Amino acid sequence: MDPEYSSDSLNALMNGYRHIVVVDIEHTCKMDGSIPPEERETIEIGAVLIDTCSLQLVDEFSRLIRPVIHPELSQFCIELTGIKQAELDVAAHFPEVFAHFIDWLPNNSDYVLATWGSYDLVQLNIDCALHGMPAFSPSTTLNLKVAFKEARNLKKKVGLKRALEISNLSYEGSHHRALDDAKNTAKLLPLIFKRSGIYEATIIFEINDDSLTMDEIDDSLFDVGFDDAIVSHSGDGRIAIEFSRDSTSYDNLVESVVAKIKDAIPSAKEIQASYGSRQTSQIQRPNPFKNSDRENPGIDITTSRVRSQKKLKSIFEIEDGDIVDIPDGKEMLHPARYFEDLFLHKLRPQGLSNNDLSKRLGLAVEQFDDFLIEKISVTLTLAKRLEAVTGMSYEFWIRTQSKFDNSRK
């Protein structure tokens, strides 16, 4: 299905799907164009899985493919892509790699396949035909080159690098490597969809002021609105701040947070910023100071009071309660069961339908239905929306999901 490319249509499209899969491929080529289209073969597939609510990267796929019609790459192709002949000589053929790609994809009704231009899908089907495989026909496809043109009111379509330049974004990685092209294409999604989302990040700062105690640092952060963040002290003057905020993009979020921190603590210097994880299985976060360039990368961290006494109290209450500390061997209930049994019967009398509740939780109606039948896990973003709807601390929902996942291992 080809969508309309107006802003309203694109956002409506995204509300109906859980993921965008951005795909890029590289194929055999020669400078003189002597390889006819029907003999071109895919030599690399790169793809990223993007959450439609936050537009954050969830997973990635990258594989090289050994061609059969023209097994020797031209010098032009080697220089263009940076792919070495020796790498392709040990790669699997298209049917095996494509089967792995199909297995990696979400359920067909859960994603939109997006490419920069229309040719990538054409090339994949050339390969499918070459190997006697069924055509690859995703239920919904999106030409991001057209979408970007419409979103930015351009007179004509532009290439990926030019689109990034127009957007004041830098290209990261190697152009004409499939995964790098897919990742850079995904950076344009917030501009194409013109929507904000909840982004999660961890930023490490060096304070550079020995006169400030940990409590004073925490008080400064609390005063400028970081009472909901998790702040960790390394013991050597560095702090790591983990948080989530509404923003139009990850870059905008980091820029605004860094400015706010520097206003609160003028001596603070940003060292590193990275995406947080939205995966429930990773809620037990790694030490943000491990594997850094410090002399003792394994030093224990002290988590600050900015977690807030209220937050700590709710954690202790959950840990001490029957809901989280379940007996060994007894399966934990999915968070949906608590939502349904404790809150849903109270929300219905307020006139809230599944459609109303799904909107409040930032889910499509189908996703809300999937949540109720335990097909969707509670992420940090969903947990915070459940808190807003039910009044129950988001940590309750996160810990319940974590216990549910662990009980099924």
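Once you order the gyration tensor axes a ≥ b ≥ c over the Cα atoms, which shape class does segment 72-174 get: rounded for a/c under 1.5, otherwise prolate or oblate by comparing a/b with b/c? It comes out oblate by the Cα gyration axes.
In this label model, residue 7 and residue 262 are separated by 3.0 nm, measuring between points 7 Å along each Cα→Cβ vector. Which FRET efficiency, nearest 0.05, do residue 139 and residue 341 yield, Cβ-Cβ r, R0 45 Å? Working from the Cβ atoms, E equals 0.85. Once you order the gyration tensor axes a ≥ b ≥ c over the Cα atoms, which shape class does segment 368-409 get: rounded for a/c under 1.5, otherwise prolate or oblate by comparing a/b with b/c? The shape class here is oblate.
Using Cβ point charges alone (K and R +1, D and E -1), the dipole size of segment 57-115 about the Cα centre works out to roughly 120 debye. Share of carbon and sulfur in the accessible area of segment 57-207 stands at 50%, probe radius 1.4 Å.
Scanning residues 5 or more positions from residue 92 or on other chains, those with amide H under 5 Å from its amide H are 66, with H placed 1.01 Å from N in the peptide plane. Rounded to whole numbers, the Karplus 3J(HN,Hα) couplings from phi for segment 391-401 are x, 7, 3, 4, 5, 4, 5, 5, 5, 4, 5 Hz, using 6.51 cos²θ - 1.76 cosθ + 1.60 with θ = phi - 60°, and x at Gly and Pro.
Answer with one residue from 47, 57, 67: the one whose Cα lies farthest towards the positive end of the charge dipole of segment 42-92, charges on Cβ with Lys, Arg +1 and Asp, Glu -1. Comparing the listed Cα positions along the dipole, 67 ranks first.
Amide H contacts of residue 44: 26, 65, each under 5 Å away and 5 or more positions distant or on a separate chain (H built 1.01 Å from N in the peptide plane; Pro and chain starts excluded). The alpha carbon gyration tensor of segment 1-114 gives principal lengths a ≥ b ≥ c with a/c of 1.5 or higher and a/b greater than b/c, which makes the shape prolate.
For segment 94-182, the solvent-accessible area of protein heavy atoms averages 48 Å² per residue (probe radius 1.4 Å; ligands and nucleic acids excluded).
Taking every protein chain into account, the 1.4 Å probe leaves residue 140 with about 0 Å² of accessible area, to the nearest ten. Just to verify a number: FRET efficiency for residue 39 and residue 152, C-beta to C-beta distance, R0 = 35 Å, to 0.05? So the FRET efficiency works out to roughly 0.45. When Lys and Arg each count +1 and Asp and Glu each count -1, what net charge do the other residues less than 14 Å away from residue 175, Cβ to Cβ, add up to? Surrounding charge for residue 175 is -3.
Overall, segment 143-231 carries a charge dipole of about 1940 debye about its Cα centre when +1 sits on the Cβ of Lys and Arg and -1 on the Cβ of Asp and Glu, all other atoms neutral.
Placing pseudo-labels 7 Å out from each Cα toward the beta carbon at residue 118 and residue 366 gives an inter-label distance of 2.4 nm. Compared with the direct C-alpha span, the chain from residue 76 to residue 354 gains 94.5 nm at full extension, assuming 0.36 nm per residue. Under 5 Å between amide hydrogens, built in the peptide plane, is the criterion, and for residue 114 it picks out 21, 22, 23, 142 among residues at least 5 positions away or on other chains. Overall, segment 101-162 carries a charge dipole of about 720 debye about its Cα centre when +1 sits on the Cβ of Lys and Arg and -1 on the Cβ of Asp and Glu, all other atoms neutral. For the pair residue 236 and residue 271 in one chain, pulling the backbone fully straight at 0.36 nm per residue adds 11.2 nm over the alpha carbon distance. Placing R0 at 51 angstrom, the Cβ-Cβ distance between residue 333 and residue 89 gives a FRET efficiency of 0.45 after rounding to 0.05.
The values are calculated or read from the model by the stated rules, or taken from the named source; none is laboratory data. Because the structure is a prediction, the values reported are computed rather than measured. Heads up, the Cβs are rebuilt from the backbone with ideal geometry, glycines too, and the neighbour counts pull from every protein chain shown. Quick note on the areas: whole protein, heavy atoms, side chains included, nothing else; ligands and nucleic acids left out. Shrake-Rupley method; radii C 1.70, N 1.55, O 1.52, S 1.80 Å.
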